[in-house]
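Have a look at the structure below before the remarks.
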Amino acid sequence: CPYCSGSMPLSRKGSIDGIETHKMNGIIQRRSYLKDKQRVSEAMGILLLVQDFTQVTFANNLCQDLVIFVYFNTIESGISHECYHAFAEYKNDTSFVITFWNAFINIMISRYNAKEIIIWSDGGPKHFRTSTHLGFWWSVSQQFETIGITYNFFEAYHGHNACDGEAA
């Protein structure tokens, strides 16, 4: 992380205290993420969704790729995962993300028999960490009242996850 390594100016985080808070948040969030993953391995019906964006070249065009890992538990093998990609030639904005989830949420809940959904993503200010996107997940929670939904954001530059490896 450029903040933790000192390569990003302190002015971006405000002070030494801001950097220390940033570091501590990164540690706390990583632990929470690993605990969530452990919970998935111990119970059926809990889904851990990790989403991130990358850019790819597809048919000689630069496209946005929304990468989503779904971690779930199976009786046969314990924790398992599947990866989904949503490609678009337009911007990686909130509208793109919500359009994908509107098409996929019912399928996902049914396919994995979801009873709880835990979402982790970076704090992408133009696609994930927006009031519209959070409002979308609130409306999903109202539509599926028996399913608990928790949304978490990784601290800046600390959201390294399976999506990054998939994009490489």
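The values are calculated or read from the model by the stated rules, or taken from the named source; none is laboratory data. What you see is a predicted model, and the numbers here were worked out from it, not measured in a lab. Quick reminder, even Gly has a Cβ in these numbers, built from the backbone with ideal geometry, and neighbours come from all protein chains shown. Areas reflect the complete protein model, heavy atoms only, side chains present, ligands, DNA and RNA absent. Shrake-Rupley method; radii C 1.70, N 1.55, O 1.52, S 1.80 Å.
A few comments on the model shown:
- Lysines whose Cα lies under 24 Å from that of residue 126, excluding same-chain neighbours fewer than 8 positions away: 13, 23, 91
- In nm, spacing of pseudo-spin labels at residue 61 and residue 131 (7 Å Cα→C-beta vector): 3.3 nm
- For the chain, the solvent-accessible area works out to 55 Å² per residue, with a probe of 1.4 Å and every protein chain left in place.
- Once backbone amide H atoms are built at 1.01 Å from N, residue 8 has 3 as its partners under 5 Å, excluding neighbours fewer than 5 places away on the same chain.
- For q = 0.10, 0.15 Å⁻¹, Debye-computed log10 I/I(0) when each Cα of the chain counts as one equal scatterer: -0.42, -0.91
- Computed from Cα atoms, the angle from the helix 94-112 axis to the main principal axis of the chain rounds to 40 degrees.
- Only protein atoms count toward the accessible area here, which uses a 1.4 Å probe; on the chain, the carbon and sulfur part of that area reaches 53 percent.
- Within the chain, percent of DSSP bridges classed antiparallel, to nearest 5: 65 percent
- The simple Förster model, with R0 at 30 Å and r as the Cβ-Cβ distance, assigns residue 107 and residue 20 a FRET efficiency of 0.10.
- Of the residues 58, 87, 153, the one that moves most in a GNM of the chain with alpha-carbon contacts below 10 Å is 58.
- Helix 131-143 and the long axis of the chain differ in direction by around 30°, with both axes built from C-alpha atoms.
- In this rough spin-label picture, where each label sits 7 Å from Cα along the Cβ direction, the residue 76-residue 42 distance is 2.6 nm.
- Diffusion coefficient, µm² s⁻¹, Stokes-Einstein with Kirkwood Rh over alpha-carbon pairs of region 46-126 at 25 °C and 0.890 mPa s: 179 µm²/s
- Adding -39500 (n - 2.57) for every DSSP H run of four residues or longer, then dividing by how many residues the chain holds, sets the calculated 222 nm ellipticity at -13000 deg cm²/dmol.
- With a cut-off of 10 Å between beta carbons, the residues surrounding residue 72 carry a summed charge of 0, where Lys and Arg count +1 and Asp and Glu -1.
- Mean Cα-pair separation over length for the chain, i.e. relative contact order, pairs under 8 Å, 6 or more apart, %: 23 percent
- Inter-probe distance in nm under a simple model that places probes 7 Å from Cα toward Cβ, at residue 142 and residue 84: 2.2 nm
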